[in-house]
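Here is the structure we will look at, set down as structure tokens.
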Amino acid sequence: MDPIINAVLKPKSIAVIGASTNPDKIGYKVVENLKNCGYQGAVYPINLEAHEIMGYKCYPSIKDVPYVVDAAVITVPAKIVPKVVQESGEKGVKGLSIISSGFSEVGDHALEDEVVRIAHEYGMRIIGPNIIGVLSNSDKMNASFTNFLPLEGKAALVSQSGALLIAMDAATYTRRVGFDKMISIGNQADLDFADLIAYLNEDENTSCITLYIEGIKDGPRFMEEARKCTKPIIALKAGTSAHGAAAAASHTGSLAGSAKVYEAAFEQAGVAQAEDLNDMFDTTLALSLQPTMKGDNLLIVTNGGGVGVLATDAAEKFGLPLKFAPEDVQAELRKHMPSFGSAKNPVDITGGAGLEGYYEGVKYSYAHPWVDGMVVLYCETSVTDPQEIAEAIYNAKNESGASGKPIAVSFIGGDRCEAAMKWLIEHDIPTYDAPDLAVKAMASLRKQDDMLKTAHNGLYKPTDVDSDLARKIIAGARAKGRDALTEVEAKNVFRAYGLPVTPTVLAHSEDEAVQLAEKIGFPVVMKIVSPDILHKSDAGAVKVNIKNEQGVRDAWKVIMENSLAYKADAEIDGVAVQEMAPWATEVIVGSVNDATFGPTVMFGLGGIFVEVMKDVTFKVAPIDEATALDMQSEIKSSKILEGARGESPRDQKALANVLAHYSFMVYDLKDEIAESDANPVIVYENGQGVAVVDARIILTKK
Ligand code: COA
């Protein structure tokens, strides 16, 4: 655990620089909150004139405090912050929480940089600026200007929005979702999400980490820390509009967008993305209280058929479809229900079911090895007391002899149900007021288990690549002042990264084209090679299915004429002659560099699927072959690859290999490749492989 970050988040002594005697000021509130929450450490208010604030002795400067100070909370106007940071450094303070606004969020990057520079000069770390502060139940510390500590619990919130943190702090009581820590990180001038994930992963009072994110500064580092984190992370991402897409020159660029890339990055790093605030609270409740679900067998116990059906629908919707319970489970459960109940799944112990039905049903099921997780539903009835049912569920789970499986509960009814659910949460069982929400919580526990496993895999790195050769080809194009490779150059780069490109050679004359075509073997394809004509088909500069010598000569003439008509002064290297790959399923593979996460790889089916339906999926590069297979099943048109309408399945394994190698290429050459496309890539029947037919690489600006 980083001792400096620890000093900011768990300080033994705090100075409040800008503490005020005026109860309306933030500098007063922070001192008041520290006092009222029962903080056990030393508090040193710093004020130019006051002698004492709320019973604490005041000092005119932090340098006058005669004791060790771990952390300083700064509440003076922005322009005074550099001065007090300097003084804190001279005093030997370890870390700072800078509440003051007026830095990069209003465009003053220079002031913010200056503050970070001074802090780092003295080895100090900063939370903020532009924050509410830091709250911690386990340290009885409210070093902020929100009035109270959150409902006690095991989650930690890191929020980029201060106002939202204050609102969530209050809402923890009405939502009954407990947090140990709430950390406002504001502008992330120094400590960012990645630092706090690393810290909280080692914090014994944190069981899950909830993030409210507007923007991540360093995407790869965020992913690295999230991947290393062994605790569940939930992120609510705000501001998901597409950026940078309009100016993009390639297919992939126009299809990318920050929302899709964030989504991919979260998934790849094992971060559960919340849909909205409600979902963020609901998922936090489940992930902070329960273990992950290790298998797919969800068992639902209910006293109402209707809510059982609603839960069954939800299970299918959220990707955890119910299966019938094994016969031995059903036989045992039937002993504890009337003859008109159902022991299948959902297990309907019927409306007359009382304590015994719930207790025995839950106890037996929870312990059964087939069951990976349970949802228990209860509709309020006149013959049962919700509190007694809650206690029966709790006792049954504890007395079952099993552990390590998640359980979620939903009570549907009035005030008595509310009170019983509150009691269950206090006993670490997440509860929801609708059956679908309890099922959704289980689905997120199931998904979390998968994500925590796969996210820890190391970065993919194939060995059959020749990056020196690729860099030589790129340097050659740059030496000629070009910022895009020709098709032949791009294909050679692809080949250097192990991609199966169709043989393509450059002809400088009509006669040479004939010779090369005869060597390759008919039919062939001919395309213009010109740095000035990237969209070759639009220029009428591609001819396919050329069957003989005369065809080559005719194509040469037409391609030259059309190219010059398209751009009279186009620089023309010649005409590429390539093997005509037999037709099969066309797909597109591409890449674009995302401003936050770096190179990303895109995949979709070609033609109408990509042009009209925009049916594509993204991942942050590099990806391994397993993730490449996931990409293929993520697109809506995945059935076509699997073999739809009597067609035989395509070679998805070979395609996964291509996607993985491609992703490594764009990752390895991220300083050189801005955007790229392999479009089309032809995918043959299972075992027959893949052919990359066209290649485009646009270089980074240097
Ligand atoms: N050392 C110690 N105290 C100093 C000082 C110094 N060098 N210079 C000034 N002070 C004192 C002031 O005298 C004042 O105390 P007083 O009331 O006893 O006179 C106190 O620090 C605060 O300074 P003041 O100038 O009164 O500022 P303020 O309280 O009106 O506002 C901020 C200060 C930081 C709260 C304000 O600038 C700000 O940034 N507000 C927004 C904060 C926010 O919302 N953050 C979260 C965003 S999500």
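Give me the lysines in straight-line cross-link reach of Lys294: C-alpha distance below 18 Å, same-chain residues under 8 apart excluded.
Excluding near neighbours in sequence, the set is Lys231, Lys323, Lys397, Lys405, Lys440, Lys447, Lys453.
Would you mind putting 411-423, 472-484, 268-280, 223-235 in packing order, based on average other-beta-carbon counts within 10 Å, highest first?
223-235, 268-280, 411-423, 472-484
Roughly what % of Cα-Cα distances in the stretch 434-503 sit above 18 Å, to the whole percent?
Values: 1487 of 2415 pairs.
Counting pairs separated by more than 18 Å, the tail of P(r) holds 62 percent.
Compute the Kirkwood hydrodynamic radius of the stretch 270-347, taking the inverse of the mean of 1/r over all pairs of distinct Cα atoms, and give it in Å to one decimal. Before the final figure, lay out each step's value.
Working: mean 1/r = 0.0692 Å⁻¹.
Its Kirkwood hydrodynamic radius stands at 14.5 Å.
First compute the accessible area of the stretch 305-418 with a 1.4 Å probe, then give the percent of it belonging to carbon and sulfur atoms.
Numbers: 2690 of 5020 Å².
The computed percentage sits at 53.
Which entries in Lys63/Lys154; Lys154/Lys237; Lys83/Lys237; Lys228/Lys363 show an alpha-carbon gap greater than 25 Å? Mind dumping the intermediate values first?
Working: Lys63/Lys154 37 Å; Lys154/Lys237 22 Å; Lys83/Lys237 35 Å; Lys228/Lys363 36 Å.
Those over the limit are Lys63/Lys154; Lys83/Lys237; Lys228/Lys363.
Would you list which aspartates and glutamates come within 15 Å of Lys57, measuring only between C-alpha atoms, while excluding same-chain residues fewer than 8 positions from it?
Partners found: Glu32, Glu49.
Considering just Cα atoms, how many Å³ per residue does the convex hull of the stretch 171-242 enclose? Mind showing how you got there, number by number?
Values: hull volume 7.9 nm³, N = 72.
Given the Cα convex hull of the stretch 171-242, per-residue volume reads 110 Å³.
Would you grab the residues whose amide H sits under 5 Å from the one on Ser207? Only those 5+ places off in sequence or on another chain, please, with H modelled 1.01 Å from N.
Ala155, Ala156
Once the mean 1/r over all distinct Cα pairs of the stretch 29-146 is inverted, what Kirkwood radius in angstroms do you read off? Let's see the in-between values first.
Working: mean 1/r = 0.0688 Å⁻¹.
One decimal place: 14.5 Å for the Kirkwood radius.
Considering the Cα trace of the stretch 144-210, what is its radius of gyration and what is Dmax, both in angstroms?
Final numbers for Rg and Dmax: 11.5, 33 Å.
When ranked by the protection proxy of mean other Cβ atoms within 10 Å per residue, highest first, what sequence do the peptides 557-568, 1-12 form? Before the final figure, lay out each step's value.
Details: 557-568: 15.0, 1-12: 18.3.
Listed from highest to lowest mean packing, they are 1-12, 557-568.
Please give the calculated 222 nm ellipticity per residue for the chain, where each DSSP H segment of at least 4 residues contributes -39500 (n - 2.57) and the sum is spread over every residue; nearest 500 deg cm²/dmol?
Taken over the chain, the calculation gives -12000 deg cm²/dmol.
Can you work out the accessible area per residue across the stretch 85-159, with the rest of the protein chains kept in place, probe 1.4 Å, in square angstrom? Numbers along the way, then the final one.
Numbers: 2630 Å² over 75 residues.
Value for the stretch 85-159: 35 Å² per residue.
Provide, as a two-decimal number, the C-alpha radius of gyration of the stretch 427-570 over 2.2 N^0.38 Å, N being how many residues it has.
Numbers: Rg = 25.8 Å, N = 144, 2.2 N^0.38 = 14.5 Å.
Ratio of Cα Rg to 2.2 N^0.38 Å: 1.77.
Would you mind telling me the share, in percent, of accessible area of the stretch 1-56 contributed by carbon and sulfur at probe 1.4 angstrom?
On the way: 1320 of 2630 Å².
The nonpolar share, carbon plus sulfur, comes to 50 percent.
At Asp671 and Asp468, where each label point lies 7 Å from the Cα along Cα→Cβ, what is the point-to-point distance in nanometres?
1.7
Rounded to the nearest angstrom and ordered from largest down, what semi-axes does the equivalent ellipsoid of the chain get from its C-alpha gyration tensor (root of 5λ)?
Working from the Cα gyration tensor, I get semi-axes of 55, 40, 17 Å.
Need the full-extension length gain, Lys557 to Glu571, defined as separation in residues times 0.36 nm minus the C-alpha distance. One decimal, nm. Let's see the in-between values first.
Values: separation 14, 0.36 × 14 = 5.04 nm, distance 1.64 nm.
Length gained between Lys557 and Glu571: 3.4 nm.
Please turn the phi angles of the stretch 88-96 into ³J(HN,Hα) values with the Karplus equation 6.51 cos²θ - 1.76 cosθ + 1.60 (θ = phi - 60°), one per residue in order, whole Hz, x for glycine and proline.
Karplus-based 3J(HN,Hα) across the stretch 88-96 equals 5, x, 5, 6, x, 5, 8, x, 10 Hz.
Normalising by the residue count of the chain, find the relative contact order in percent from Cα pairs under 8 Å and 6+ residues apart.
Values: 1564 pairs, mean separation 60.6, N = 702.
Over the chain, the number comes to 9 percent.
Check the stretch 579-702 and count each lysine pair with an alpha-carbon distance under 27 angstrom, considering only pairs eight or more places apart or from different chains.
Going through the stretch 579-702 pair by pair, I get 15.
Taking a probe of 1.4 angstrom, what is the accessible area of His508 in Å², to the nearest 10?
Surface accessible to solvent at His508 totals approximately 120 Å².
Taking a label point 7 Å from the Cα of Glu647 along the Cα→Cβ vector, which residues of the stretch 669-696 have an amide N closer than 20 Å to it?
Answer for the stretch 669-696: 678-694.
How long, wide and thick is the stretch 1-80, going by the Cα atoms along their three principal axes, in whole angstroms, largest first?
37, 28, 25
Dividing the alpha-carbon Rg of the stretch 551-702 by 2.2 N^0.38 Å yields what? The partial results should precede the final answer.
On the way: Rg = 17.3 Å, N = 152, 2.2 N^0.38 = 14.8 Å.
Compared with the compact-globule rule of thumb, the stretch 551-702 sits at 1.16.
Using the per-residue mean of other Cβ atoms lying within 10 Å as a proxy for protection, in what order, highest first, do the peptides 588-595, 545-552 fall? Intermediate values should be presented prior to the final figure.
Values: 588-595: 24.2, 545-552: 15.8.
Order by mean packing, descending: 588-595, 545-552.
The values are calculated or read from the model by the stated rules, or taken from the named source; none is laboratory data. Nothing here was measured: the structure is a model prediction, and the numbers come from that model. Reconstructed Cβ throughout: ideal geometry from the backbone, glycine too, with neighbour counts over all protein chains shown. Quick note on the areas: whole protein, heavy atoms, side chains included, nothing else; ligands and nucleic acids left out. Shrake-Rupley method; radii C 1.70, N 1.55, O 1.52, S 1.80 Å.
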